[in-house]
Amino acid sequence: MPVRGGSSRDPMEPARVTLEDLTPVRKRLQVEISATDVQAELERAFTVVGRQARLRGFRPGRVPRPVLERTFGEQVRREVLGRLVEESFRQAIETHRLEPVSTPDIDADPLTPGQSLRYSATVDVRPVIEVGNLEGLEVRRPSTTVTDEAVEAALGRLRESAAQLRPIVDRAVVEAGDIVSVDLTSRLEGAESVHREGVLVEAGAGTFPLALERQLVGQHRGAQLTLRVPYPREYPNAGLAGKTAEFDIVIRELRAKELPPLDDDFARDHGRCQSLAELRTRLRADLEREAELRAADAVREMLLDQLIARHPFDVPPTLVERRAETLLAALDVRVPEGTDRERALAEVRTELQPRAERQVRAELLLDAVAVRLGITVDEREVEAEIDAMAARENHAPERLRALYHRPEAHAALHAKLVRERTLARLLAAASAGARTVPASVAPDVAREK
(Lines give C-alpha, C1' and ligand atoms only; values in the text may rest on other atoms or scores of the structure.)
Protein backbone atom coordinates (compact mmCIF):
# COMPACT_ATOMS: atom_id res chain seq x y z
CA MET A 1 0.00 0.00 0.00
CA PRO A 2 1.30 3.51 -0.76
CA VAL A 3 2.55 5.45 2.25
CA ARG A 4 0.30 8.53 2.44
CA GLY A 5 0.13 11.34 4.95
CA GLY A 6 1.81 10.91 8.28
CA SER A 7 3.37 12.99 10.98
CA SER A 8 5.82 15.76 10.24
CA ARG A 9 9.50 14.95 10.44
CA ASP A 10 12.70 16.84 10.93
CA PRO A 11 14.58 17.83 7.77
CA MET A 12 17.26 15.45 6.61
CA GLU A 13 20.84 16.15 7.48
CA PRO A 14 22.78 17.25 4.41
CA ALA A 15 24.01 14.14 2.65
CA ARG A 16 27.70 13.63 1.99
CA VAL A 17 28.20 14.39 -1.69
CA THR A 18 31.23 13.96 -3.92
CA LEU A 19 30.99 15.60 -7.35
CA GLU A 20 32.87 14.07 -10.29
CA ASP A 21 33.19 15.92 -13.60
CA LEU A 22 32.86 13.30 -16.33
CA THR A 23 32.71 16.08 -18.94
CA PRO A 24 31.88 19.79 -18.64
CA VAL A 25 28.21 18.86 -19.15
CA ARG A 26 27.98 15.41 -17.54
CA LYS A 27 28.42 14.96 -13.81
CA ARG A 28 28.41 12.04 -11.41
CA LEU A 29 27.38 12.61 -7.81
CA GLN A 30 28.37 10.06 -5.18
CA VAL A 31 25.87 10.50 -2.34
CA GLU A 32 25.80 9.00 1.15
CA ILE A 33 22.78 9.43 3.45
CA SER A 34 23.42 8.80 7.12
CA ALA A 35 22.11 5.68 8.86
CA THR A 36 20.24 8.00 11.24
CA ASP A 37 18.23 9.55 8.41
CA VAL A 38 17.60 6.17 6.79
CA GLN A 39 16.30 4.69 10.04
CA ALA A 40 14.20 7.77 10.85
CA GLU A 41 12.53 7.68 7.43
CA LEU A 42 11.83 3.95 7.73
CA GLU A 43 10.32 4.43 11.19
CA ARG A 44 8.13 7.27 9.94
CA ALA A 45 6.98 5.22 6.96
CA PHE A 46 6.06 2.17 9.06
CA THR A 47 4.21 4.43 11.51
CA VAL A 48 2.09 5.76 8.64
CA VAL A 49 1.49 2.25 7.29
CA GLY A 50 0.55 1.04 10.76
CA ARG A 51 -2.18 3.66 11.01
CA GLN A 52 -3.51 3.00 7.51
CA ALA A 53 -3.23 -0.81 7.30
CA ARG A 54 -6.37 -2.91 7.41
CA LEU A 55 -5.50 -6.58 7.97
CA ARG A 56 -7.86 -9.37 8.97
CA GLY A 57 -7.49 -10.33 12.64
CA PHE A 58 -6.08 -6.99 13.75
CA ARG A 59 -7.73 -3.81 14.89
CA PRO A 60 -6.92 -0.66 12.87
CA GLY A 61 -3.69 0.85 14.14
CA ARG A 62 -2.84 -2.28 16.17
CA VAL A 63 -1.01 -4.39 13.58
CA PRO A 64 2.30 -5.58 15.09
CA ARG A 65 5.47 -4.24 13.48
CA PRO A 66 6.76 -7.69 12.42
CA VAL A 67 3.49 -8.29 10.56
CA LEU A 68 3.74 -4.90 8.89
CA GLU A 69 7.30 -5.64 7.82
CA ARG A 70 6.38 -9.05 6.39
CA THR A 71 3.35 -7.65 4.54
CA PHE A 72 4.50 -4.22 3.43
CA GLY A 73 8.26 -4.22 4.04
CA GLU A 74 9.43 -4.44 0.42
CA GLN A 75 7.05 -1.72 -0.73
CA VAL A 76 7.92 0.57 2.18
CA ARG A 77 11.65 0.20 1.62
CA ARG A 78 11.18 0.91 -2.10
CA GLU A 79 9.18 4.08 -1.42
CA VAL A 80 11.57 5.25 1.28
CA LEU A 81 14.52 4.69 -1.05
CA GLY A 82 12.81 6.77 -3.72
CA ARG A 83 12.06 9.63 -1.33
CA LEU A 84 15.56 9.67 0.15
CA VAL A 85 17.18 9.68 -3.28
CA GLU A 86 14.83 12.37 -4.62
CA GLU A 87 15.31 14.73 -1.69
CA SER A 88 19.05 14.25 -1.35
CA PHE A 89 19.59 14.62 -5.10
CA ARG A 90 17.64 17.88 -5.09
CA GLN A 91 19.74 19.17 -2.20
CA ALA A 92 22.95 18.07 -3.92
CA ILE A 93 22.27 19.87 -7.21
CA GLU A 94 21.24 23.02 -5.34
CA THR A 95 24.40 22.92 -3.24
CA HIS A 96 26.63 22.46 -6.30
CA ARG A 97 24.56 24.87 -8.43
CA LEU A 98 23.91 22.35 -11.17
CA GLU A 99 21.04 22.60 -13.66
CA PRO A 100 20.12 19.09 -14.83
CA VAL A 101 18.78 18.67 -18.37
CA SER A 102 18.25 14.92 -18.13
CA THR A 103 16.71 12.42 -15.76
CA PRO A 104 19.50 11.20 -13.48
CA ASP A 105 20.77 7.66 -13.94
CA ILE A 106 20.64 6.30 -10.38
CA ASP A 107 22.71 3.36 -9.17
CA ALA A 108 21.74 2.73 -5.54
CA ASP A 109 22.69 0.12 -2.97
CA PRO A 110 19.82 -1.80 -1.33
CA LEU A 111 18.16 0.03 1.55
CA THR A 112 19.17 -1.68 4.80
CA PRO A 113 17.79 -0.63 8.22
CA GLY A 114 20.48 0.78 10.48
CA GLN A 115 22.95 1.40 7.65
CA SER A 116 23.75 4.45 5.57
CA LEU A 117 22.47 4.61 1.98
CA ARG A 118 24.94 5.10 -0.84
CA TYR A 119 24.07 5.81 -4.44
CA SER A 120 25.50 7.48 -7.53
CA ALA A 121 23.60 9.78 -9.87
CA THR A 122 24.86 10.54 -13.38
CA VAL A 123 23.21 13.49 -15.05
CA ASP A 124 23.67 15.90 -17.96
CA VAL A 125 23.73 19.55 -16.93
CA ARG A 126 23.47 22.87 -18.69
CA PRO A 127 26.86 24.25 -19.66
CA VAL A 128 28.48 27.27 -18.08
CA ILE A 129 29.08 29.59 -21.04
CA GLU A 130 31.59 32.41 -20.88
CA VAL A 131 30.18 35.11 -23.14
CA GLY A 132 33.08 36.75 -24.89
CA ASN A 133 33.43 39.53 -27.43
CA LEU A 134 30.18 40.66 -29.03
CA GLU A 135 31.73 43.47 -31.06
CA GLY A 136 32.20 43.42 -34.81
CA LEU A 137 29.37 41.05 -35.69
CA GLU A 138 28.45 41.70 -39.31
CA VAL A 139 25.72 40.43 -41.61
CA ARG A 140 25.07 41.02 -45.29
CA ARG A 141 21.45 40.80 -46.31
CA PRO A 142 20.93 38.78 -49.50
CA SER A 143 19.13 40.45 -52.39
CA THR A 144 15.37 40.08 -52.35
CA THR A 145 14.87 41.24 -55.93
CA VAL A 146 12.38 39.11 -57.87
CA THR A 147 13.14 38.89 -61.59
CA ASP A 148 10.65 38.65 -64.42
CA GLU A 149 12.03 35.18 -65.11
CA ALA A 150 11.15 34.07 -61.59
CA VAL A 151 7.60 35.36 -62.01
CA GLU A 152 7.21 33.50 -65.31
CA ALA A 153 8.58 30.33 -63.73
CA ALA A 154 5.99 30.58 -60.93
CA LEU A 155 3.28 31.17 -63.53
CA GLY A 156 4.50 28.10 -65.40
CA ARG A 157 4.28 25.96 -62.27
CA LEU A 158 0.73 27.14 -61.66
CA ARG A 159 -0.10 26.32 -65.28
CA GLU A 160 1.43 22.85 -64.93
CA SER A 161 -0.71 22.19 -61.87
CA ALA A 162 -3.82 22.96 -63.94
CA ALA A 163 -2.87 20.65 -66.82
CA GLN A 164 -5.35 18.08 -68.11
CA LEU A 165 -4.35 14.58 -69.21
CA ARG A 166 -5.82 13.05 -72.39
CA PRO A 167 -5.19 9.51 -73.66
CA ILE A 168 -2.78 9.14 -76.59
CA VAL A 169 -4.38 6.86 -79.19
CA ASP A 170 -2.46 7.69 -82.38
CA ARG A 171 0.89 6.23 -81.29
CA ALA A 172 2.21 3.55 -78.96
CA VAL A 173 5.84 4.60 -78.48
CA VAL A 174 6.72 6.64 -75.39
CA GLU A 175 8.12 10.11 -76.04
CA ALA A 176 9.70 12.56 -73.63
CA GLY A 177 6.99 14.51 -71.84
CA ASP A 178 4.38 11.75 -72.04
CA ILE A 179 2.58 10.84 -68.84
CA VAL A 180 2.90 7.06 -68.65
CA SER A 181 0.65 4.88 -66.50
CA VAL A 182 2.61 1.84 -65.33
CA ASP A 183 2.19 -1.15 -63.07
CA LEU A 184 5.28 -1.22 -60.90
CA THR A 185 6.77 -3.98 -58.77
CA SER A 186 9.81 -2.87 -56.79
CA ARG A 187 12.21 -5.10 -54.91
CA LEU A 188 14.72 -3.49 -52.61
CA GLU A 189 17.79 -5.39 -51.55
CA GLY A 190 17.01 -7.19 -48.29
CA ALA A 191 13.30 -6.34 -48.36
CA GLU A 192 10.03 -7.72 -49.66
CA SER A 193 8.67 -6.71 -53.07
CA VAL A 194 6.00 -4.02 -53.33
CA HIS A 195 3.42 -3.92 -56.15
CA ARG A 196 1.58 -0.78 -57.25
CA GLU A 197 -0.75 -0.25 -60.18
CA GLY A 198 -1.57 2.86 -62.16
CA VAL A 199 1.54 4.80 -61.16
CA LEU A 200 1.83 7.97 -63.25
CA VAL A 201 5.33 8.83 -64.44
CA GLU A 202 6.41 11.70 -66.70
CA ALA A 203 8.81 10.18 -69.22
CA GLY A 204 12.15 11.94 -69.37
CA ALA A 205 11.44 14.40 -66.56
CA GLY A 206 14.23 13.17 -64.31
CA THR A 207 12.14 13.43 -61.15
CA PHE A 208 11.61 9.73 -60.39
CA PRO A 209 14.30 8.06 -58.25
CA LEU A 210 17.59 8.14 -60.19
CA ALA A 211 15.76 9.25 -63.36
CA LEU A 212 14.14 5.85 -63.80
CA GLU A 213 11.48 7.38 -66.04
CA ARG A 214 14.11 8.43 -68.60
CA GLN A 215 14.47 4.79 -69.49
CA LEU A 216 10.82 4.67 -70.51
CA VAL A 217 11.45 6.90 -73.54
CA GLY A 218 11.38 4.75 -76.70
CA GLN A 219 9.45 1.90 -75.07
CA HIS A 220 5.95 1.03 -76.29
CA ARG A 221 2.52 0.50 -74.80
CA GLY A 222 2.28 -3.01 -73.29
CA ALA A 223 6.05 -3.39 -72.92
CA GLN A 224 7.38 -5.28 -69.92
CA LEU A 225 10.84 -4.49 -68.67
CA THR A 226 13.04 -5.06 -65.64
CA LEU A 227 15.44 -2.36 -64.50
CA ARG A 228 18.17 -2.52 -61.85
CA VAL A 229 18.94 0.70 -60.02
CA PRO A 230 21.96 0.91 -57.67
CA TYR A 231 21.50 3.76 -55.20
CA PRO A 232 24.74 5.55 -54.25
CA ARG A 233 25.80 5.62 -50.61
CA GLU A 234 25.23 9.38 -50.49
CA TYR A 235 21.62 9.06 -51.73
CA PRO A 236 19.40 11.40 -49.61
CA ASN A 237 16.93 8.68 -48.57
CA ALA A 238 18.73 6.73 -45.85
CA GLY A 239 16.47 3.72 -46.40
CA LEU A 240 17.72 3.40 -50.00
CA ALA A 241 21.32 4.66 -49.80
CA GLY A 242 23.88 2.06 -50.83
CA LYS A 243 21.28 -0.51 -51.87
CA THR A 244 20.17 -1.94 -55.20
CA ALA A 245 16.55 -1.99 -56.32
CA GLU A 246 14.86 -3.91 -59.12
CA PHE A 247 11.78 -2.58 -60.90
CA ASP A 248 9.44 -4.72 -62.97
CA ILE A 249 7.46 -2.34 -65.17
CA VAL A 250 4.44 -2.89 -67.38
CA ILE A 251 3.49 0.11 -69.54
CA ARG A 252 -0.30 0.38 -69.58
CA GLU A 253 -1.31 3.77 -71.01
CA LEU A 254 0.19 6.87 -72.59
CA ARG A 255 -1.29 10.26 -71.86
CA ALA A 256 -0.53 13.75 -73.09
CA LYS A 257 -0.39 16.75 -70.83
CA GLU A 258 -2.54 19.61 -72.11
CA LEU A 259 -1.72 22.98 -70.62
CA PRO A 260 -4.43 25.65 -70.41
CA PRO A 261 -3.82 28.88 -72.34
CA LEU A 262 -2.37 31.75 -70.34
CA ASP A 263 -5.11 34.36 -70.49
CA ASP A 264 -7.52 36.24 -68.27
CA ASP A 265 -9.78 33.19 -68.00
CA PHE A 266 -6.85 31.20 -66.60
CA ALA A 267 -6.21 33.97 -64.06
CA ARG A 268 -9.85 33.90 -62.95
CA ASP A 269 -10.12 30.09 -62.84
CA HIS A 270 -6.77 29.25 -61.23
CA GLY A 271 -5.39 32.44 -59.70
CA ARG A 272 -8.43 34.14 -58.19
CA CYS A 273 -7.52 37.26 -60.15
CA GLN A 274 -9.46 39.27 -62.73
CA SER A 275 -6.67 39.39 -65.31
CA LEU A 276 -3.38 37.76 -66.22
CA ALA A 277 -1.57 41.00 -65.39
CA GLU A 278 -3.10 41.00 -61.92
CA LEU A 279 -2.05 37.36 -61.47
CA ARG A 280 1.54 38.22 -62.38
CA THR A 281 1.46 41.07 -59.86
CA ARG A 282 0.17 38.75 -57.14
CA LEU A 283 2.78 36.09 -57.93
CA ARG A 284 5.52 38.71 -57.76
CA ALA A 285 4.28 39.85 -54.35
CA ASP A 286 4.22 36.23 -53.13
CA LEU A 287 7.77 35.68 -54.37
CA GLU A 288 8.93 38.90 -52.73
CA ARG A 289 7.48 37.79 -49.38
CA GLU A 290 9.23 34.43 -49.73
CA ALA A 291 12.49 36.19 -50.62
CA GLU A 292 12.18 38.42 -47.55
CA LEU A 293 11.67 35.39 -45.32
CA ARG A 294 14.67 33.62 -46.86
CA ALA A 295 16.80 36.74 -46.42
CA ALA A 296 15.74 37.06 -42.78
CA ASP A 297 16.64 33.41 -42.20
CA ALA A 298 19.97 33.92 -43.94
CA VAL A 299 21.05 36.89 -41.82
CA ARG A 300 20.03 35.07 -38.64
CA GLU A 301 22.16 32.10 -39.65
CA MET A 302 25.09 34.38 -40.53
CA LEU A 303 25.00 35.97 -37.11
CA LEU A 304 24.59 32.65 -35.29
CA ASP A 305 27.53 31.21 -37.24
CA GLN A 306 29.71 34.06 -35.97
CA LEU A 307 28.50 33.70 -32.38
CA ILE A 308 29.07 29.95 -32.41
CA ALA A 309 32.55 30.34 -33.89
CA ARG A 310 33.48 32.73 -31.06
CA HIS A 311 32.08 30.61 -28.24
CA PRO A 312 33.17 26.96 -28.18
CA PHE A 313 31.55 24.87 -25.44
CA ASP A 314 30.29 21.34 -24.85
CA VAL A 315 26.62 20.66 -25.57
CA PRO A 316 24.71 18.17 -23.36
CA PRO A 317 24.14 14.97 -25.38
CA THR A 318 20.67 14.58 -23.88
CA LEU A 319 19.52 17.89 -25.37
CA VAL A 320 20.90 16.95 -28.78
CA GLU A 321 19.21 13.55 -28.73
CA ARG A 322 15.93 15.13 -27.65
CA ARG A 323 16.11 17.71 -30.46
CA ALA A 324 16.98 15.04 -33.04
CA GLU A 325 13.84 13.15 -32.02
CA THR A 326 11.79 16.33 -32.45
CA LEU A 327 13.24 16.91 -35.91
CA LEU A 328 12.63 13.29 -36.86
CA ALA A 329 8.99 13.49 -35.81
CA ALA A 330 8.53 16.68 -37.84
CA LEU A 331 9.95 15.03 -40.96
CA ASP A 332 7.28 12.33 -40.98
CA VAL A 333 9.77 9.94 -42.59
CA ARG A 334 8.22 7.42 -44.95
CA VAL A 335 10.17 4.20 -45.07
CA PRO A 336 9.87 2.00 -48.20
CA GLU A 337 7.65 -1.00 -47.61
CA GLY A 338 9.51 -4.14 -46.66
CA THR A 339 12.51 -2.32 -45.18
CA ASP A 340 13.61 -2.38 -41.55
CA ARG A 341 11.80 0.70 -40.23
CA GLU A 342 13.78 1.02 -37.00
CA ARG A 343 17.08 0.73 -38.83
CA ALA A 344 16.03 3.30 -41.43
CA LEU A 345 14.86 5.72 -38.74
CA ALA A 346 18.11 5.24 -36.84
CA GLU A 347 20.04 6.22 -39.97
CA VAL A 348 17.92 9.34 -40.44
CA ARG A 349 18.32 10.17 -36.76
CA THR A 350 22.10 9.98 -37.15
CA GLU A 351 21.95 12.29 -40.16
CA LEU A 352 19.95 14.80 -38.10
CA GLN A 353 22.49 14.92 -35.25
CA PRO A 354 24.61 17.80 -36.63
CA ARG A 355 21.53 19.93 -37.28
CA ALA A 356 20.13 19.13 -33.84
CA GLU A 357 23.46 19.91 -32.18
CA ARG A 358 23.70 23.29 -33.91
CA GLN A 359 20.16 24.27 -32.94
CA VAL A 360 20.76 23.40 -29.29
CA ARG A 361 24.14 25.14 -29.30
CA ALA A 362 22.59 28.32 -30.73
CA GLU A 363 19.79 28.33 -28.15
CA LEU A 364 22.13 27.81 -25.20
CA LEU A 365 24.37 30.57 -26.49
CA LEU A 366 21.49 33.02 -27.01
CA ASP A 367 20.29 32.30 -23.47
CA ALA A 368 23.73 33.13 -22.11
CA VAL A 369 23.92 36.32 -24.19
CA ALA A 370 20.48 37.32 -22.88
CA VAL A 371 21.80 37.07 -19.33
CA ARG A 372 24.87 39.07 -20.32
CA LEU A 373 22.77 41.86 -21.89
CA GLY A 374 20.04 41.78 -19.27
CA ILE A 375 17.31 40.92 -21.78
CA THR A 376 14.05 39.73 -20.24
CA VAL A 377 10.42 39.13 -21.17
CA ASP A 378 7.62 39.76 -18.69
CA GLU A 379 4.37 37.85 -18.21
CA ARG A 380 2.30 40.41 -20.11
CA GLU A 381 4.44 39.83 -23.18
CA VAL A 382 4.01 36.07 -22.88
CA GLU A 383 0.23 36.51 -22.70
CA ALA A 384 0.30 38.86 -25.70
CA GLU A 385 2.22 36.29 -27.72
CA ILE A 386 -0.32 33.60 -26.83
CA ASP A 387 -3.11 35.89 -28.09
CA ALA A 388 -1.15 36.63 -31.27
CA MET A 389 -0.57 32.91 -31.88
CA ALA A 390 -4.27 32.23 -31.41
CA ALA A 391 -5.12 34.89 -34.00
CA ARG A 392 -2.53 33.63 -36.49
CA GLU A 393 -3.57 30.00 -36.16
CA ASN A 394 -7.31 30.70 -35.78
CA HIS A 395 -7.45 28.99 -32.38
CA ALA A 396 -9.52 29.93 -29.37
CA PRO A 397 -7.26 32.03 -27.09
CA GLU A 398 -8.48 30.26 -23.96
CA ARG A 399 -7.42 26.87 -25.36
CA LEU A 400 -3.91 28.07 -26.18
CA ARG A 401 -3.70 29.85 -22.85
CA ALA A 402 -4.57 26.62 -21.03
CA LEU A 403 -1.84 24.84 -23.00
CA TYR A 404 0.84 27.43 -22.33
CA HIS A 405 -0.03 27.79 -18.67
CA ARG A 406 1.42 24.34 -18.14
CA PRO A 407 4.83 24.91 -16.55
CA GLU A 408 6.92 23.18 -19.21
CA ALA A 409 5.12 24.78 -22.17
CA HIS A 410 5.13 28.20 -20.49
CA ALA A 411 8.87 27.98 -19.83
CA ALA A 412 9.54 26.96 -23.44
CA LEU A 413 7.52 29.88 -24.82
CA HIS A 414 9.18 32.34 -22.43
CA ALA A 415 12.64 31.09 -23.46
CA LYS A 416 11.70 31.37 -27.14
CA LEU A 417 10.64 35.00 -26.72
CA VAL A 418 13.82 35.87 -24.83
CA ARG A 419 15.95 34.29 -27.56
CA GLU A 420 14.07 36.13 -30.30
CA ARG A 421 14.55 39.45 -28.51
CA THR A 422 18.24 38.72 -27.96
CA LEU A 423 18.77 37.81 -31.59
CA ALA A 424 16.90 40.93 -32.72
CA ARG A 425 19.17 43.08 -30.52
CA LEU A 426 22.29 41.51 -32.00
CA LEU A 427 20.95 41.75 -35.56
CA ALA A 428 20.08 45.41 -35.15
CA ALA A 429 23.64 46.19 -34.09
CA ALA A 430 25.19 44.01 -36.79
CA SER A 431 22.97 45.37 -39.57
CA ALA A 432 23.76 48.94 -38.54
CA GLY A 433 27.46 48.19 -38.62
CA ALA A 434 27.77 49.04 -34.94
CA ARG A 435 31.08 48.25 -33.31
CA THR A 436 29.42 47.61 -29.98
CA VAL A 437 26.27 45.81 -28.90
CA PRO A 438 23.74 47.92 -26.98
CA ALA A 439 23.88 47.35 -23.24
CA SER A 440 27.02 45.25 -23.53
CA VAL A 441 29.18 44.66 -20.51
CA ALA A 442 32.56 43.11 -19.82
CA PRO A 443 32.95 39.38 -20.54
CA ASP A 444 31.12 37.45 -17.88
CA VAL A 445 30.01 33.93 -17.06
CA ALA A 446 26.35 33.18 -17.77
CA ARG A 447 24.42 30.03 -17.13
CA GLU A 448 21.54 29.02 -19.40
CA LYS A 449 18.20 29.64 -17.72
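Scanning region 358-398 for residues that are basic (Lys, Arg) and over 23 Å from the mean Cα position of the chain (by Cα), we see that the one that is surrounded by the most Cβ atoms within 10 Å (Cβ to Cβ) is 372. With respect to the stated conditions, residue 260 fails to be at negative phi, part of a loop (DSSP other than H, G, I, E, B) and exposed (fewer than 13 other Cβ atoms within 10 Å of the Cβ). Quick one: in region 165-205, which of the residues that are among the acidic types (Asp, Glu) and at pLDDT 90 or above is nearest to residue 248 (Cα to Cα)? Only one residue tops the list, namely 183.
For region 172-203, a residue qualifies if it is over 26 Å from residue 242 (Cα atoms) and of a type in the set (D, E, K, R), and the qualifying residues are 175, 178, 197. For region 331-449, the helices (runs of 4 or more DSSP H) that sit wholly inside it and include 1 or more residues that are of a type outside the set (A, V, I, L, M) and modelled with pLDDT of 95 or more are 341-373, 379-393, 407-431. Scanning region 145-152 turns up no residue that is farther than 30 Å from residue 304 by Cα, surrounded by fewer than 16 Cβ atoms within 10 Å (Cβ to Cβ), at pLDDT 95 or above and in the same structural domain as residue 20 (by TED's automatic domain parsing). Residue 293 falls short on exactly one of the conditions (1) within 30 Å of residue 370 (Cβ to Cβ); (2) in a strand (DSSP E or B), and that condition is (2). Any residue in region 355-384 that's assigned by TED's automatic domain parsing to the domain that holds residue 409: show its pairings with residues that are polar (S, T, N, Q) and in a helix (DSSP H, G or I) at Cβ separation under 9 Å, as long as the two are six or more apart or on different chains. That search, which allows pairs on different chains as well, returns 356/326; 366/422; 367/422; 369/422; 370/422; 373/422; 375/422. For region 99-107, indicate whether the set of residues that are farther than 28 Å from residue 18 by Cα and exposed (fewer than 15 other Cβ atoms within 10 Å of the Cβ) is non-empty. Within region 99-107, not a single residue is farther than 28 Å from residue 18 by Cα and exposed (fewer than 15 other Cβ atoms within 10 Å of the Cβ). Within region 22-42, residues that are at pLDDT 95 or above sit with their Cβ atoms under 6 Å from residues that are among the β-branched types (Val, Ile, Thr) and surrounded by fewer than 21 Cβ atoms within 10 Å (Cβ to Cβ), at 6+ positions apart or across chains, in these pairs: 28/122; 29/17; 30/18; 31/17. Within region 388-408, the residues that satisfy the criterion of being of a type in the set (Asp, Glu) and farther than 17 Å from residue 418 by Cα are 393, 398. Among the residues of region 43-77, those identified as within 22 Å of residue 106 (Cβ to Cβ) and free of Cβ contacts under 8 Å to residues at least 24 places away in the same chain are 73, 74.
Only one entry in 82, 5 is modelled with pLDDT under 95, under 40 Å from the mean Cα position of the chain (by Cα) and outside the structural domain of residue 315 (by TED's automatic domain parsing), namely 82. The residues in region 158-169 that are assigned to a helix (DSSP H, G or I) and either surrounded by fewer than 12 Cβ atoms within 10 Å (Cβ to Cβ) or charged (D, E, K, R) (or both) can be counted, and the count is 3. Take residue 318 and decide whether it is at pLDDT 95 or above, within 22 Å of the chain's Cα centre (by Cα), polar (S, T, N, Q) and closer than 30 Å to residue 368 by Cα. For residue 318, the condition - at pLDDT 95 or above, within 22 Å of the chain's Cα centre (by Cα), polar (S, T, N, Q) and closer than 30 Å to residue 368 by Cα - is met.
Annotation: residue 200 fulfils all but one of (1) surrounded by 13 or more Cβ atoms within 10 Å (Cβ to Cβ); (2) of a type in the set (A, V, I, L, M, F, W, C); (3) free of Cβ contacts under 8 Å to residues at least 60 places away in the same chain; (4) closer than 30 Å to residue 340 by Cβ; the unmet one is (1). Cβ separations smaller than 7 Å between residues 6+ apart or across chains give the following pairs from region 289-311 residues that are more than 17 Å from residue 419 (Cα to Cα) and among the hydrophobic types (A, V, I, L, M, F, W, C) to residues that are at pLDDT 95 or above and surrounded by 14 or more Cβ atoms within 10 Å (Cβ to Cβ): 291/146.
Scanning region 206-240 for residues being in contact with a Gly (Cβ under 8 Å, 6 or more places away or on another chain), surrounded by 18 or more Cβ atoms within 10 Å (Cβ to Cβ) and at pLDDT 85 or above gives a total of 1.
Residues that are of a type in the set (S, T, N, Q) and either modelled with pLDDT under 95 or over 28 Å from residue 135 (Cβ atoms) (or both) occur in region 275-295; there is at least one.
The values are calculated or read from the model by the stated rules, or taken from the named source; none is laboratory data. On a predicted model such as this, the values are computed, not experimentally measured, just so you know. For neighbour counting, all protein chains shown are included, and Cβ atoms are generated from backbone atoms with ideal geometry for every residue, glycine included.
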